[in-house]
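The values are calculated or read from the model by the stated rules, or taken from the named source; none is laboratory data. Everything quoted here is computed from the prediction, not taken from an experiment. Positions of Cβ are generated from backbone atoms using ideal geometry, with glycine treated the same way; all protein chains shown enter the neighbour counts. Heads up: the accessible areas ignore ligands, DNA and RNA and are worked out on the full protein's heavy atoms, side chains in. Shrake-Rupley method; radii C 1.70, N 1.55, O 1.52, S 1.80 Å.
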Amino acid sequence: MWKPLNVENKERANLILKNIADTLYDFDFDQIGIGLMGGKTGVSLFMYYYYRYSNDEKYLEKANEYIESDFEQINNGFSFGTHAGGISGILYALSIMKEERFADIDEELLHEFDTYLSDSINACFGSDNYDFLHGALGYGIFYLREPKRYVKELENTFEQLKRMATDFKENGVAWHSVNSHANFEGYNLSLSHGLASIIHFLSKLYKHNICKNEVYNLLSEAVKYLFYNLQPVNEIGSYFPAWSDPGVYEWSRMAWCYGDMGIAASLWQVGHITGNNEWRDKAEEILLYSVNRKDVMKELVRDSGLCHGASGLAHMFQRMYNYTQRIEFKEAAEYWINVMLEFSNSKDGVAGFKAYRPANSEGNTKETGMLEGAAGIGLNLISAMSEIEPKWDATLLLS
């Protein structure tokens, strides 16, 4: 059973949660995309969970309305495919809704796009784009929802990852990636776009006995490269940099997307799935150090979103508390829940919340979606205050 937190001032938290639900209920989504991470699909996922939390059927009806709207746009020609903003992410969310019995999902609907998904993942691999949110791995994790059906597709995904790996010999293997926004390329270690997402994916192949021995060999080499990038934490302040630059130490922030938290959350699951206690123990060591990284400004926690904000930290620590029963993780989750609630003070925000944008951009902005906005904050609050298991966090590689 999922273990909730002791949320300080639960009455206030419930009022904020209801404000999120009602604001999203009335929001005009005509100009917003249909994807999982930033669009209506993520909002509908929140609405389904809030329906279960509140037992108010109007939120169930709104969730169904948003899903129907998604498929109207798909039928009218929408053909973007990625996990973050496209069809594979929508299908992933639908598979969760079906599993949780939120909606009556036709089994064939989940398979109607098989040829499209196959063409899309092959196009990603054709350009060596493995990215979890925006490339091949996003399709791969959808295939993992039904590993027996998609054995061939998963075997092909593994072969392509093996082909793309850079062999650093005694230092392991890694995968080259490009950050077009920052005009930077190299070896990304993160959970959102890099090595941590690949080791997570490989561990799930191992779990489902897909190319098991070969997978474990590649996985071991990938973890070896991850450990090759360990830093002197007491000197630098983090165990890992965001990007690998051997011989150069670089501090990384507290967040799901980049840095120690996402990497360690992935590494713990990998160690647990494979039975490798060394990996799991190292992950707990990193997370126990991260418990004490509470300086909000220093750790670059500027908003409440799941991606790089306080609710993401709260949820990861709560997930780790449920995995390990360590009270330190529970207390850390409760700390970050309180930080998250303190950000709910923007008069022109979505239920008081805004997503942080750097000072040289257009400033903080309204975000309704799951990854950076109010829907994800709401999902986190439901998980914090109830025994409803947050199966939605599999979309972020946290379960």
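Observations, loosely collected:
- Based on Cα contacts under 8 Å between residues 6+ apart, the chain shows a relative contact order of 19 percent.
- Segment 138-272 shape via C-alpha gyration tensor axes, a/c threshold 1.5: prolate
- The residues of segment 1-122 have, on average, 48 Å² of accessible surface per residue, using a 1.4 Å probe with all protein chains present.
- Here the simple spin-label model places points 7 Å from the Cα toward Cβ, and for GLU155 and LYS347 these points are separated by 6.3 nm.
- Annotation: segment 258-370 has a Kirkwood hydrodynamic radius of 14.9 angstrom, from the mean reciprocal C-alpha pair distance.
- Considering only PHE29, LEU5, LEU94, and ranking their Cα positions along the charge dipole of segment 1-100 that arises from unit charges at the beta-carbon of Lys, Arg, Asp and Glu, the one farthest toward the positive end is LEU5.
- Given R0 = 51 Å, the distance between the Cβ atoms of ASN171 and MET1 translates into a calculated FRET efficiency of 0.75.
- Charge dipole (Cα centre; +1 on Lys/Arg Cβ, -1 on Asp/Glu Cβ; no other charges) of the chain amounts to roughly 860 debye.
- Of all accessible heavy-atom area on the chain, the percent that carbon and sulfur account for (1.4 Å): 45 percent
- Each of the peptides 75-83, 372-380 was scored by the mean count of other Cβ atoms within 10 Å over its residues; in descending order, highest first, they stand as 372-380, 75-83.
- Net lengthening on full extension, SER127/MET297 (0.36 nm per residue, minus Cα-Cα): 57.4 nm
- Highest-first packing order for the peptide set 303-311, 251-259 is 303-311, 251-259, based on the mean count of other beta carbon atoms within 10 Å.
- Gyration tensor verdict on segment 312-399 (Cα atoms; rounded if a/c is under 1.5, prolate if a/b is larger than b/c, oblate otherwise): prolate
- Three-way shape label, the chain, alpha-carbon gyration tensor, a/c 1.5: oblate
- The magnitude of the dipole of segment 83-225, with charges of +1 and -1 set on the Cβ of Lys/Arg and Asp/Glu and taken from the Cα centre, is near 500 debye.
- Other residues whose C-beta falls under 14 angstrom from the C-beta of ASN14 contribute a net charge of -1, scoring Lys and Arg +1 and Asp and Glu -1.
- Bridgeable lysines around LYS98 (alpha carbons under 18 Å apart, same-chain partners fewer than 8 residues away excluded): LYS40, LYS62, LYS148, LYS391.
- Where segment 238-380 is the region considered: accessible area per residue in Å², 1.4 Å probe: 36 Å²
- Gain on full extension, evaluated as 0.36 nm per residue between ARG357 and SER79 minus their Cα-Cα distance, stands at 97.2 nm.
- At R0 = 51 Å, FRET efficiency that the Cβ-Cβ distance of ASP245 and GLU57 yields, to 0.05: 0.45
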